[in-house]
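The values are calculated or read from the model by the stated rules, or taken from the named source; none is laboratory data. In this text, all values refer to a predicted model and were calculated from it rather than measured experimentally. Here the Cβ positions follow ideal geometry from the backbone for every residue, glycine too, while neighbour counts run over all protein chains shown. Just so you know, the surface numbers come from the protein's heavy atoms only, side chains and all, with ligands and any DNA or RNA stripped out. Shrake-Rupley method; radii C 1.70, N 1.55, O 1.52, S 1.80 Å.
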Amino acid sequence: MTRLAGFLRDRSILVLALLLAALVGVIAVIRPGTVTPDWLANTLLFAAPLGLLAGGETLLLLTGGIDLSIAAVATGAAYLLSSNTAAIGTPAALLLGLALGALIGLLNGVGVAVFRVQPLVMTLGTGLMTEGAMVVYSQKIIGEEQRIPAAIVTLGSGKLAGVVPVDLFLWLPVAALLLLGLRRTGLGRLLYAVGDNQAACRLAGIRVWRVLLAAYLACGLLAALAGIVLVGITNAADLSLANVYLLPAIAAAIIGGTSIFGGRGGYGGTIVGALFLTVLDSLLTLLDAPEPIKQILYGSIILLLAATYTRLTD
Amino acid sequence: MADAATLLEVRDIARRFGSVVALRAATLTVRAGEVHALMGANGAGKSTLVKMLTGVIRPDAGSIQIRGTPRQFRSPAEARGAGLVSVYQDPALVPDLTIAQNLRLARAAPEVVRRWLAQFGFAALDFATVVRTLPLPTLRLIDLARALAAEPDILLLDEITAALPADLAQHVFAVARQWRAQGRSVIFISHRLAEISALCDRATVLRDGVTVGVVDPAQGGEERIVALMLGAPPEQPAAAGIAAAAAPAGPPALRVEGLRSGEKLRDVSFSLAAGEVLGVAALEGQGQEELFDCLAGLRRPDGGSILADGMAQRFRHPADAIRAGMVLVPADRVQALLPQRSVQENIALPLVRRLADWGALPIRAERARVADAVRRLNIDTRAAAEVRRLSGGNQQKVVIARWLAAGFRTLLCFDPTRGIDIGTKRQIYALVRELAAAGAAVLLFTSELPEIALACDRVVVLFGGRVVQELPAAQADEATLLRAAHGLASREGMAA
């Protein structure tokens, strides 16, 4: 048993990838003809925003933190983009969306890093604030034109040569940046270090607040980016756009092997986790189960995986 | 071996954790009315053996007999029922509960515990005090009193004296002797050979999970114990000759004038030259922790000055102290390490401390620096993937290696050998001497007074937050230091 646990622990990504392949196999068996290049392309397309959100979440989990405001930030960024494009043009509206991500990220960072507020409490608070602010804002601008720039629609739903999802061209570079950044840069090293032992970091001369601030800022920006991709997929910005993504984003990181206690994990596992959850969702949709049943199954499978993983590794 | 007087007999007990064999074939025979030492280098399997005797973990093989009856313990409660109670290496108290609540949790009778604590000089201790606010030595004595309240036939003491100043350690010895006089037994684990030879009747020595010998520690047995532990002929004590040799010269690397902070640190002045090792001797709580914290930038002084190479310093963060070349090796290794990260990352940690280091890591240069530090310190890197899997001595070496890789001018060592085996201890002192010889200044606090003469050039003794005496190491024998540390003027010191 201990040997098996050791094996699984060292190869958790591999195990999850096998589970992912098994899931695809199940779909191919129960609905022959479903698994086509087109289905694959769609899966990747839908996995991209989840992968971006889970990327930010991974950075924070590594530091021992968490961000519950990402869904509100993603929604807010998408909403700002669609309601301002007509007035100020696409580039400025995009920047406005990203600025919201940076602002909330910084706010979270200052709260957690400087004022030592619990990350859970801080980001729950800023998430609610963002949500509320967006409702107020939507009532103010009622009747104004909502427009999603064509470029964003292409980014979110276009496929190059009819096969390769365009949003991959955003997700892949971001993924490469996160993977390399975590492994090969000083900041990446520090995210793990801070999550493992803040007191030790301080003793080694590291100003921990800077590292945390950078992590929360990056997470806010990634959330805004995810919101922009998401609104390109749905082609309509409403005020609950990204709500369903909050828990899957955290779950993708955890089943991908990132410890919620900090100091261990990485983005590679999170990518597989995001793909796994996207395929699981598509399997449950294929089963034609009623929505509540779907939710129960989805929740229990995530719980089972996360619990198994935690047991095996600690 | 087993006779009527044998209380506990452990035969060929074994246990592995994954691929790591903690115990291979350990044997231990404890007679009634005996204080029995259990010795071994870090990682020899002492703590694993203790945990098996008290039912915390179960053996893979071998047998445990109490008074000739085979026993298997599935929980500490079962072991307690059979008369085996342990005081573990670390305090086993819930920090956020009061003493009374902790005792209730452990089903210990408060009045019995209070009686023992009174005997240790803590009659006035308020049981409504939250445990977190108490100093470590007090916690250890509460642990001990709680264990004694269970009236065990066999009392296991796992390095309880490591965190106790000399005066409080005396109470532990008194209890052990009392237990022996009553025909009960004590299994005593300590890295301090002097304690072992003064207190224990026999010593069982473990090496690499195997019992390698049973020694009478009194009759010149110390060197034999060391030989058995190391598995090689004992080296001469590392520093005996070296310490007296180098006469410090040059400008002071560190000068402290009238430093005070909080209630404990009142007025401390000294100077420390490059190439010199200055010892700090003190009983528990005489301001030494505050002194080191101020020097390392962990705490702000209320007054006085710190001069590094003649420049006045005002540290707001350890980063400031590190920039001034002053680095800390704390007593608690756990405080300084990233337990889940590799040896490489732990050693390289200060190398990424500045904003300018946030970019691409110079992997190759870093690896070379780390490898160099690992080699100089002779760190066992078999379990290098996660520092928490290293033995205590190797963990402490990693902390020191970190500063070798990062570079420093003044090394602040706060009780760096607490709970470390004798072999590693000697290596660390030899390294301290070597660093000083290479031009570093070292400030060294140790709770083990005999070590002062071994590693230092000079020593300052703190009492009540003030320097009460300064001596060359040659005159710093244990008796003199103890007198001074208790605030008694030493005749020998005055004459010097």
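Compactness ratio for chain B: Cα radius of gyration over 2.2 N^0.38 Å (N = residue count) comes to 1.00. Here is how the number arises for chain B: DSSP H runs of 4 or more residues each give -39500 (n - 2.57), the sum is divided by the residue count, and the result at 222 nm is -10000 deg cm²/dmol. Taken along its three principal axes, the alpha carbon spread of region B:6-230 comes to 46, 38, 33 Å, from the longest extent down to the shortest. Judged by the gyration tensor of its Cα atoms, with axes a ≥ b ≥ c, region B:82-121 is rounded; a/c sits under the 1.5 cut. Projected label points at B:Arg388 and B:Val334, each 7 Å from Cα along the beta carbon direction, are separated by 1.1 nanometres.
Among the residues of B:292-299, the average count of other protein chain beta-carbon atoms within 10 Å of the residue beta-carbon is 1. From the Cα gyration tensor of region B:154-231, with a ≥ b ≥ c the square roots of its eigenvalues, which class applies: rounded if a/c is under 1.5, or else prolate if a/b is larger than b/c, or else oblate? It is prolate, given that a/c is not under 1.5 and a/b is the larger ratio. Threshold 40 Å², probe 1.4 Å: give the residues of region B:330-361, in number order, that are less accessible with all protein chains present than with their chain alone. Output list: B:Gln335, B:Leu338, B:Gln340, B:Arg341, B:Glu345, B:Leu349, B:Val352, B:Arg353, B:Trp358, B:Leu361.
Just the protein heavy atoms count here, and of the accessible area of chain B at 1.4 Å, carbon and sulfur take up 52 percent.
List the pair-distance distribution P(r) of region B:373-460, using every Cα-Cα distance, as the percent of pairs falling in each 10 Å bin from 0 up to the bin containing the longest distance, rounded to whole percents. All Cα pairs considered, the percentages come to 16, 52, 28, 4, 0. For chain B, the longest principal axis of the Cα atoms and the long axis of helix B:422-437 meet at an angle of about 10 degrees.
Kirkwood's formula applied to the C-alpha pairs of region A:6-313 gives a hydrodynamic radius of 19.8 angstrom.
With all protein chains kept in place, the per residue accessible area of chain B amounts to 41 square angstrom at a probe of 1.4 angstrom. Within a straight-line Cα-Cα reach of under 17 Å, B:Lys397 can be paired with the following aspartates and glutamates, leaving aside sequence neighbours fewer than 8 residues apart in one chain: B:Asp332, B:Glu345, B:Asp372, B:Asp380, B:Glu386, B:Asp415, B:Asp421, B:Glu434. For region B:434-486, the Kirkwood estimate of the hydrodynamic radius, built from every pair of different alpha carbons, is 11.6 Å.
Across chain B, C-alpha contacts under 8 Å between residues 6 or more apart give a mean separation that, scaled by the residue count, equals a relative contact order of 15 percent. The share of accessible area on region A:6-313 that comes from carbon and sulfur is 72 percent, using a 1.4 angstrom probe. Highest GNM mean-square fluctuation among A:Thr36, A:Thr126, A:Thr63, for chain A modelled with Cα contacts below 10 Å: A:Thr36.
If you take all other residues with their beta carbon under 14 Å from the beta carbon of A:Gly273, and give Lys and Arg +1 and Asp and Glu -1, the sum is -2.
Largest to smallest in accessible area, the residues B:Lys425, B:Lys51 fall in the order B:Lys51, B:Lys425 (1.4 Å probe, all protein chains included).
Other residues with beta-carbon under 13 Å from the beta-carbon of A:Leu246 carry, at +1 per Lys or Arg and -1 per Asp or Glu, a net charge of -3. Assign one of three labels to region B:1-95, namely rounded, prolate or oblate, based on the Cα gyration tensor with a ≥ b ≥ c the square roots of its eigenvalues; rounded applies when a/c is under 1.5, prolate when it is not and a/b is larger than b/c, and oblate otherwise. Judged from the Cα gyration tensor, region B:1-95 comes out rounded (a/c under 1.5). Highest mean packing first, where packing is the average number of other Cβ atoms within 10 Å per residue, the peptides B:123-133, A:297-307 line up as A:297-307, B:123-133. Take every pair of alpha-carbon atoms less than 8 Å apart whose residues are at least six positions apart; their mean separation over the length of region B:6-230 yields a relative contact order of 29 percent.
Using a cutoff of 8 angstrom between alpha carbon atoms and counting only pairs six or more residues apart, the relative contact order for region A:6-313 works out to 34 percent. Seen from B:Leu254, the other residues with C-beta closer than 12 Å to its C-beta sum to a net charge of -1, counting Lys and Arg as +1 and Asp and Glu as -1.
What accessible area, summed over both chains, is buried at the A-B interface (1.4 Å probe, Å², nearest 100)? Summing both chains' loss of accessible area gives about 2700 Å². Taking GluC sites (Glu not before Pro) across region A:88-189, the ones in a DSSP loop with at most 11 further Cβ atoms lying within 10 angstrom of their Cβ are A:Glu145.
Rolling a 1.4 Å probe over the protein heavy atoms gives chain A an accessible area of 43 Å² per residue. Free of any GluC sites (Glu not before Pro) that DSSP assigns to a loop and that have at most 14 other C-beta atoms within 10 Å, the longest stretch within chain B is B:1-234.
The C-alpha atoms of the protein assembly as shown occupy a region whose extents along the principal axes are 93, 68, 51 Å, arranged from largest to smallest.
If you model region A:173-314 as an ellipsoid using its alpha carbon gyration tensor, with each semi-axis the square root of five times an eigenvalue, the axes come out at 31, 20, 12 Å, biggest first.
The trypsin sites (Lys or Arg not before Pro) of region B:345-415 meeting both criteria, a DSSP state outside H, G, I, E and B (loop) and at most 16 other C-beta atoms within 10 angstrom of the site's C-beta, are B:Arg354, B:Arg382, B:Arg409.
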